[in-house]
Amino acid sequence: AVAPLGQVSELAEQLEERLFHLYGFHNELIQERLQALAGGMERVEEARAELRHVCCTVEAAYRDLCL
């Protein structure tokens, strides 16, 4: 039996609503993960800067010892 047009329309609306909620939920998850990634990248950059500073300090100490 073929479903009446009203039922099809109602089902389409329900599906659209569910998809909208799913999209919103996944969008929030993606945003959270992007923020976490940005925070992680920031910490990596800070660690790299600190490491560069340590390397420069060690290099300067070796130069002083050698001279």
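The values are calculated or read from the model by the stated rules, or taken from the named source; none is laboratory data. The model shown is predicted, which means the values in this text are computed figures rather than measured ones. Don't worry about glycine lacking a Cβ; one is built from the backbone with ideal geometry, like all the others, and counts go over all protein chains shown. Just so you know, the surface numbers come from the protein's heavy atoms only, side chains and all, with ligands and any DNA or RNA stripped out. Shrake-Rupley method; radii C 1.70, N 1.55, O 1.52, S 1.80 Å.
Please go through (1) open to solvent by 90 Å² or more (accessible area, probe 1.4 Å); (2) within 26 Å of the chain's Cα centre (by Cα) for Gln7 and return the number of the only condition it doesn't satisfy.
If we test Gln7 against (1) open to solvent by 90 Å² or more (accessible area, probe 1.4 Å); (2) within 26 Å of the chain's Cα centre (by Cα), just (2) comes out false.
Consider Arg63 carefully, then state whether it is basic (Lys, Arg), out of contact with any His (no Cβ under 8 Å at 6 or more places or on another chain), surrounded by 10 or more Cβ atoms within 10 Å (Cβ to Cβ) and in a helix (DSSP H, G or I).
Criteria not met by Arg63.
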